[in-house]
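Visitor: The following block contains the structure, expressed as structure tokens.
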Ligand SMILES: Cc1cc2nc3c(=O)[nH]c(=O)nc-3n(C[C@H](O)[C@H](O)[C@H](O)COP(=O)(O)OP(=O)(O)OC[C@H]3O[C@@H](n4cnc5c(N)ncnc54)[C@H](O)[C@@H]3O)c2cc1C
């Protein structure tokens, strides 16, 4: 049996650094492995996988811990946070990242060349896992899924082999990783197209839910009228009555409409006008922004906390669906919840140039709900989330992998709903080829087909 030879640290339970290494952004849950390898390069990942496979151990991988799904009990955790290399090729319009890179690095490196990655709302999210889960960008309606822009990947499969794959060299594995994430291996590097975006008309409009009870109806009507350059979402946020919260929002249940328009600012201004007419605003932050400041649009706090989550891809959102949603959230909800409704369509509805497993492309909206676990247990939170999504049954097309949540919410039947049925069957068959013993199972798992 092989011994473990890696450049990065090897940490055992009880050792200094072990707890810090396994703690991620979602504080509700942590992996409990026998060994953590803090990989510094692809060869470390390959050696660690070979070591664990030789012992029949399960293998988990973690970068920032924003997307925790299933905790590992025993076995090996590969931590990729030290693999921080980014290279932008301005002539090709591409970026190449290692597995530990976060979006803020790519945004910073690409901006001087007038280029940008298709990042999501929060720049502190890891690039590789976000993209393997589909990657629903801030500019999704304008430019489509981040996964569709991937040109090449380096991946360590369960046999310990480090492979460089492209859609031409390895169509099956390429199409399984993009959507199937670490069911098929650990991606150590990724190369993808950037987009020529330097600025945006963007920011937020904030409404008090009491003053503007019909905001969601008005917002969904408005989304039916806008071109694909208009990217938007609305969040429903219960702000605590706390001095740390800006005065206009303090103690209120707020509707926060977010705008990221890729056309000329004066056109954005004109398109947003009907939203202003829906009702009185508490605050507005719309302006012409450099893309490097696009994270201010959602303003997701970069502060780790415990939470539970679930989501649905919705075929439509009519007034009955809004009524069903508001019956579960709002100022009187049994547990505080943060709701986010993203407008889809546009380029997100188009098929990829090369087959991948990112599904539900015909959905009109993505509804994600997050329950902070400050006072509540995860079981209570999941019960509330289950009731809400049950009542939205008639409008649900399935789930989006990147916002699935953890624990019971990561079970295999729920995972199945995040794929088109034919994709799930294809992935299960490929899982039997690439990881027949299901060593990569501490994830949104796709069991190998028999
Ligand atoms: C505040 C916030 C905002 C977000 N905004 C968006 C958004 O706008 N759009 C969107 O699509 N998603 C968004 N997400 C979801 C995010 O994309 C996923 O949670 C993603 O998995 C996070 O990746 P990570 O590396 O940061 O997290 P991690 O928890 O480190 O990774 C998540 C999982 O990905 C797998 N994984 C990690 N590294 C690798 C690897 N190298 N190879 C193979 N598999 C790997 C593992 O299963 C791991 O458990 C957001 C999440 C948060 C918390």
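The values are calculated or read from the model by the stated rules, or taken from the named source; none is laboratory data. Fair warning: this is a prediction, and the values are worked out from it, not measured in the lab. Don't worry about glycine lacking a Cβ; one is built from the backbone with ideal geometry, like all the others, and counts go over all protein chains shown.
Visitor: Restricting attention to the stretch 148-168, report how many residues are within 17 Å of residue 97 (Cβ to Cβ) and free of Cβ contacts under 8 Å to residues at least 24 places away in the same chain.
Guide: So the count comes out to 3.
Visitor: Can you find, within the stretch 54-70, the residue that is farthest from the chain's Cα centre (by Cα) among those that are within 6 Å of the ligand (Cβ to nearest atom) and assigned to a strand (DSSP E or B)?
Guide: Going through the qualifying residues, I end up with 61.
Visitor: Another question about this same structure. Quick check on this structure: which one of 128, 97, 88 is over 15 Å from the mean Cα position of the chain (by Cα), within 13 Å of the ligand (Cβ to nearest atom) and not in a loop (DSSP other than H, G, I, E, B)?
Guide: Exactly one residue qualifies, and that residue is 97.
Visitor: So, one more: On the given criteria, is residue 215 within 13 Å of the ligand (Cβ to nearest atom) and under 29 Å from residue 405 (Cα atoms)?
Guide: Answer is no for this residue.
Visitor: Mind listing just one residue for me: the one in the stretch 344-383 that is in a helix (DSSP H, G or I) and surrounded by 22 or more Cβ atoms within 10 Å (Cβ to Cβ) and, of those, modelled with the highest pLDDT?
Guide: Ranking the candidates gives 348 first.
Visitor: Another question about this same structure. When residues of the stretch 193-211 are filtered for being more than 24 Å from the chain's Cα centre (by Cα) and surrounded by fewer than 17 Cβ atoms within 10 Å (Cβ to Cβ), how many remain?
Guide: 2
Okay, residues lined up against (1) in contact with a strand residue (DSSP E or B) (Cβ under 7 Å, 6 or more places away or on another chain); (2) within 23 Å of residue 136 (Cβ to Cβ):
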site	(1), (2)
338	yes, yes
364	yes, yes
376	no, no
385	yes, yes
397	yes, yes
419	no, yes
426	no, yes
433	no, no
447	no, no
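Visitor: Would you confirm, using the coordinates I've provided, whether residue 81 is over 14 Å from the mean Cα position of the chain (by Cα) and assigned to a loop (DSSP other than H, G, I, E, B)?
Guide: Against the criterion (over 14 Å from the mean Cα position of the chain (by Cα) and assigned to a loop (DSSP other than H, G, I, E, B)), residue 81 qualifies.
Visitor: Any idea which residue in the stretch 162-185 is farthest from residue 428 (Cα to Cα), counting only those that are within 15 Å of the ligand (Cβ to nearest atom) and part of a loop (DSSP other than H, G, I, E, B)?
Guide: Going through the qualifying residues, I end up with 185.
Visitor: Another question about this same structure. How many residues are buried (at least 18 other Cβ atoms within 10 Å of the Cβ) and in contact with a strand residue (DSSP E or B) (Cβ under 8 Å, 6 or more places away or on another chain) when one looks only at the stretch 289-304?
Guide: Total satisfying the criteria: 5.
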